[in-house]
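The values are calculated or read from the model by the stated rules, or taken from the named source; none is laboratory data. Being a predicted model, the structure only gives us computed values, none of them experimental. In this analysis, Cβ positions are derived from the backbone assuming ideal geometry, glycine residues included, and neighbour counts consider all displayed protein chains.
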Amino acid sequence: MNNSPDSSYTDQTGREVKLSLPPRRIVSLVPSITELLFDLGLENEIVGVTKFCIHPVNNKTRIGGTKRLHLSAISALQPDLIIANKEENEREQVEALMQEYPVWVSDVHDLSSALEMIRQVAEITDRGQKGRELCTAINAAFAQLAQQIAVLTRGNEKLKVAYYIWKDPWMLAGGDTFISSMLEQCGLENVFKDRTRYPEISPETLMHTDCQLVLLSSEPFPFKESHVSFFKNLEVRLVDGEMFSWYGSRILRAVAYFRDIFYLNQTFF
């Protein structure tokens, strides 16, 4: 890897970022990328994480929430690389950090862009080989899942699902989200694939669609069994939100989870 003091990289928003390589003091503003950094073997280089960075549990300095960063705490860490996300972090705060530090911004909306993020993060942290190996393993796992789905479904129509992330107001994943991309990888069809971001759709409104299965996520809103009763005459399942929305190394672990909850006992097919 090029170890020149001013190597330039383009982040996923198209911004040029100049880095001193390899970075020794990394601050991650994104929980799923924090997990990725640990899996790439960068535990010693990570100096700051958000309060939502829970995998793995560690004693790194907490620098606030993803949308309420403590900029002074970040400055005290004197990072030589900050990793942010276009959607998860507040633009104003990220732009303020850009005035002082190298900030690499991810923008992930499907499996392809997640894999590209993994490759690029691995490259800028001097873990290129590990990143490529991880991407190869993820591609192989999803290819195997696709083959298994084809056998189990026997060409039947895709099950139509709605994936809720929030209550009061009721919000679900639209078609341009990473969650929707994961639903597609599971062989499912997002009923609201023609809607963008996270539209507000009440359980009553959902009753008038062709939805066959409602998925209630464990995050960001912690749906419980008590919320199932809001959906009359519809099949409802509580699911692990991290498996559908964390787009770092977690997606490799997610494949087995998808297989188990949707296809192991052929509950819906």
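What the table shows:
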{"read-out": "Filtered residues of the stretch 209-226 (kept if surrounded by fewer than 18 Cβ atoms within 10 Å (Cβ to Cβ) and over 16 Å from LYS160 (Cα atoms))", "value": "SER218, GLU219, PRO220, PHE221, PRO222, LYS224, GLU225, SER226"}
{"read-out": "Some residue of the stretch 216-237 being out of contact with any strand residue (DSSP E or B) (no Cβ under 7 Å at 6 or more places or on another chain), of a type in the set (A, V, I, L, M) and at pLDDT 95 or above", "value": "no"}
{"read-out": "Qualifying residue in the stretch 104-120 (condition: in contact (Cβ under 8 Å) with a residue 60 or more places away in the chain and touching a Pro at 6+ places or on another chain (Cβ under 7 Å))", "value": "no"}
{"read-out": "Residues of the stretch 201-221 classified as in contact (Cβ under 8 Å) with a residue 40 or more places away in the chain and part of a helix (DSSP H, G or I), total", "value": "1"}
{"read-out": "Candidate set from the stretch 179-200 (those that are of a type in the set (Val, Ile, Thr) and part of a loop (DSSP other than H, G, I, E, B)); member that is nearest to ALA141 (Cα to Cα)", "value": "VAL191"}
{"read-out": "Qualifying residue in the stretch 64-86 (condition: within 19 Å of the chain's Cα centre (by Cα), modelled with pLDDT of 95 or more and of a type in the set (Ser, Thr, Tyr))", "value": "yes"}
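Yes/no matrix, rows are residues, columns are (1) out of contact with any Ser or Thr (no Cβ under 8 Å at 6 or more places or on another chain); (2) exposed (fewer than 15 other Cβ atoms within 10 Å of the Cβ); (3) of a type in the set (Asp, Glu):
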{"residue": "ASP11", "(1), (2), (3)": "no, no, yes"}
{"residue": "ARG25", "(1), (2), (3)": "yes, no, no"}
{"residue": "THR50", "(1), (2), (3)": "no, no, no"}
{"residue": "CYS53", "(1), (2), (3)": "no, no, no"}
{"residue": "PRO56", "(1), (2), (3)": "yes, yes, no"}
{"residue": "GLY64", "(1), (2), (3)": "no, no, no"}
{"residue": "ALA73", "(1), (2), (3)": "no, yes, no"}
{"residue": "ARG91", "(1), (2), (3)": "yes, yes, no"}
